[in-house]
Amino acid sequence: MTEKLRVAKRIDQIFFKMMWGVSVLSGISLFAVAILCTVDALGGKIFSVSIPNGTEVVTYLNIPVVFFSMAFIQVERGHTTVDLFSGRFPRAVQTVIHLIGYLLGMLICAYVGYCSIILTADKYATHAKASAAASSFSVWPFALVTAAGFWLIAVSFFWCVFREFLIPPAERMGAMIMPEQQEATSDAAHMMRDIENLKDANRGKGE
């Protein structure tokens, strides 16, 4: 393994772990939504008492559920991919298609992230609330989550551009294997390959 590839794989592993760490916040938010919905439903049915602003809290908690997971999904290639035709193109054509997609995704997400920052500043300046209730909460932190989510996925697209040239498909963390490589592309196969990559990285630290 060349030094250039070793460094690129190490960066890829670090980036993958960082995006995974952010996605954990999405899982925590989803768990909180499930708990709040359960408690609110049981409280209303059994004790005739509901959580104050429960509907608004659950609604806005869905924002981190979505936007804290997008960047990891992009890096892990967890989104749905239709490659019935593109998978049969020559490797060079596939690379061009990927690069165009990455660049467009990066530009669009960065722009939406910029617009979300402006929206966050407006929500903060106007002290916007989730509802008209006296006990309602400010919504600017959730607007900030939206902006952060779009910026994170823009950075993920940016790294994917470099990864397209620096790291072979089979050696990328969480990357989908090209059909012509005839390797399994199931979630289990992805997980096993990532575990092996992490083991290699840990061995490298011990050397």
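Data for the structure
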quantity	calculated
Tally, over segment 88-102, of residues that are surrounded by 13 or more Cβ atoms within 10 Å (Cβ to Cβ) and touching a residue at least 12 places away in the same chain (Cβ under 8 Å)	5
Hey, LEU144 assigned to a helix (DSSP H, G or I), within 27 Å of MET19 (Cβ to Cβ) and without any contact (Cβ under 8 Å) to a residue 24 or more places away in the chain or not	no
Every pair of residues 6+ apart whose Cβ atoms lie under 6 Å, when the first sits in segment 37-56 and is free of Cβ contacts under 8 Å to residues at least 12 places away in the same chain while the second is surrounded by 11 or more Cβ atoms within 10 Å (Cβ to Cβ) and in a helix (DSSP H, G or I)	VAL49/GLY43; SER50/ASP40; SER50/GLY43; SER50/GLY44
First in segment 152-168 and over 25 Å from ILE117 (Cβ atoms), second anywhere and part of a helix (DSSP H, G or I) and among the polar types (S, T, N, Q), Cβ under 7 Å, 6 or more apart	GLU164/THR95
The listed residue being under 19 Å from GLY149 (Cα atoms), at pLDDT below 85, surrounded by 13 or more Cβ atoms within 10 Å (Cβ to Cβ) and not charged (D, E, K, R), out of GLY78, GLY105	GLY78
Residues (β-branched (Val, Ile, Thr) and closer than 19 Å to GLY54 by Cα) located in segment 23-37	ILE28, VAL33, ILE35
Failed item in (1) within 30 Å of GLU171 (Cβ to Cβ); (2) out of contact with any helix residue (DSSP H, G or I) (no Cβ under 8 Å at 6 or more places or on another chain); (3) β-branched (Val, Ile, Thr); (4) surrounded by 14 or more Cβ atoms within 10 Å (Cβ to Cβ), with VAL22 passing the rest	(2)
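Results for (1) farther than 18 Å from LEU25 by Cβ; (2) aromatic (Phe, Trp, Tyr); (3) in contact with a strand residue (DSSP E or B) (Cβ under 8 Å, 6 or more places away or on another chain), shown as yes or no for each residue.
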site	(1), (2), (3)
GLY105	yes, no, no
TYR114	yes, yes, no
LEU119	yes, no, no
SER131	yes, no, no
SER136	yes, no, yes
VAL145	no, no, no
LEU152	no, no, no
PHE157	yes, yes, no
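The values are calculated or read from the model by the stated rules, or taken from the named source; none is laboratory data. None of these values were measured; they are calculated from a predicted model. As a convention, Cβ positions derive from the backbone with ideal geometry for all residues, glycine included, and neighbour counts pool all protein chains shown.
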